[in-house]
Ligand SMILES: *Cc1c(COP(=O)(O)O)cnc(C)c1O
């Protein structure tokens with residue numbers, strides 16, 4: 001079942017990239033495995049999936065240590081300062097950095113652990129009170145300050161549009177996030193200019209996100225089914 005889902009999602013990704021004149025390998029699937037059992041994750045690995053996303057540190061630690069393979073783990077949950085060290089230990093990419101305080105703590109631990117960590121800046125594209133993420137107009141200063149931190153590489157942006165039962169409602173927000181990333185890239189704010197990550201789109205709207213420029217789509221239920 002999971003392998004069929006994976007094939008279908010990969011196919012949809014291929015169609016969406018082709019439709020928007022992008023190469024198929026310009027988009028990577030982050031399999032969001034939060035609140036999904038180890039067996040399902042093993043299944044996904046057995047049919048080729050290597051990038052996974054987790055939201056909760058304790059749960060992630062159990063999974064990552066017991067899978068113990070050459071996988072790539074993205075942290076996509078809310079990051080508290082007292083969880084930063086574990087985050088650096090466990091994860092390859094931290095997608096949810098939205099304030100300098102957290103970036104500095106991550107950098108300190110990364111230096112201590114002699115690890116380079118890729119981060120994305122989480123942007124509150126819908127300007128929602130209840131959502132995390134930095135406001136779009138403040139992203140530039142945050143990234144500039146992060147440049148001064150060692151062991152930390154700002155690789156792009158991550159965002160979540162306001163919830164809607166209509167996937168098309170996400171399109172404008174995705175477009176806004178892409179434009180912001182282009183403006184920041186024009187100012188030379190990302191070290192790797194020709195590969196700026198844009199993490200946007202989930203089960204309901206990942207093909208729309210790809211049409212609007214996503215390089216990472218975070219898909220959970222469409223791959224693994226409903227969460228526990
Ligand atoms: C849970 C989660 C997802 C996956 O959501 P689905 O609708 O199950 O695809 C993606 N991104 C973030 C940040 C999440 O917390």
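The values are calculated or read from the model by the stated rules, or taken from the named source; none is laboratory data. In this text, all values refer to a predicted model and were calculated from it rather than measured experimentally. Note that each Cβ is placed from the backbone with ideal geometry, even for glycine, and that neighbours are counted across all protein chains shown.
When you check residue 59 against the structure, is it modelled with pLDDT of 95 or more, within 16 Å of the ligand (Cβ to nearest atom), over 25 Å from residue 198 (Cβ atoms) and surrounded by 14 or more Cβ atoms within 10 Å (Cβ to Cβ), yes or no? Talk me through it step by step, then tell me what you get.
Values: modelled with pLDDT of 95 or more: yes; within 16 Å of the ligand (Cβ to nearest atom): yes; over 25 Å from residue 198 (Cβ atoms): yes; surrounded by 14 or more Cβ atoms within 10 Å (Cβ to Cβ): yes.
Yes; evaluated as a whole, the condition is true for this residue.
Would you confirm, using the coordinates I've provided, whether residue 110 is crowded, with 17+ Cβ neighbours inside 10 Å and farther than 21 Å from residue 197 by Cα?
So residue 110 does not fit the description; no.
Can you find a residue in region 150-167 that is touching a helix residue (DSSP H, G or I) at 6+ places or on another chain (Cβ under 7 Å), away from the ligand (no atom under 14 Å from the Cβ) and part of a loop (DSSP other than H, G, I, E, B)?
So far as region 150-167 goes, yes, one or more of its residues are touching a helix residue (DSSP H, G or I) at 6+ places or on another chain (Cβ under 7 Å), away from the ligand (no atom under 14 Å from the Cβ) and part of a loop (DSSP other than H, G, I, E, B).
Which ones in region 82-101 are within 21 Å of residue 135 (Cα to Cα) and more than 16 Å from the ligand (Cβ to nearest atom)?
Those that are within 21 Å of residue 135 (Cα to Cα) and more than 16 Å from the ligand (Cβ to nearest atom): 99, 100, 101.
Please indicate, with yes or no, whether at least one residue in region 135-147 is over 23 Å from residue 29 (Cβ atoms) and within 16 Å of the ligand (Cβ to nearest atom).
No: region 135-147 contains no residue that is over 23 Å from residue 29 (Cβ atoms) and within 16 Å of the ligand (Cβ to nearest atom).
Select from region 208-228 the residues that are more than 8 Å from the ligand (Cβ to nearest atom) and under 18 Å from residue 158 (Cβ atoms) and list them in ascending order.
Within region 208-228, 208, 209, 210, 211, 212, 213, 214, 215, 216, 217 qualify.
Where in region 1-106 are there helices (runs of 4 or more DSSP H), lying fully within it, with 3 or more residues that are touching a helix residue (DSSP H, G or I) at 6+ places or on another chain (Cβ under 6 Å) and within 21 Å of residue 142 (Cα to Cα)?
Working: elements: 2-19, 38-46, 57-67, 84-90.
Per the criteria, 84-90.
Would you check which residues across region 176-207 are touching a strand residue (DSSP E or B) at 6+ places or on another chain (Cβ under 8 Å), part of a loop (DSSP other than H, G, I, E, B) and within 16 Å of the ligand (Cβ to nearest atom) and list them?
200, 201, 202, 203 - these are the residues of region 176-207 that are touching a strand residue (DSSP E or B) at 6+ places or on another chain (Cβ under 8 Å), part of a loop (DSSP other than H, G, I, E, B) and within 16 Å of the ligand (Cβ to nearest atom).
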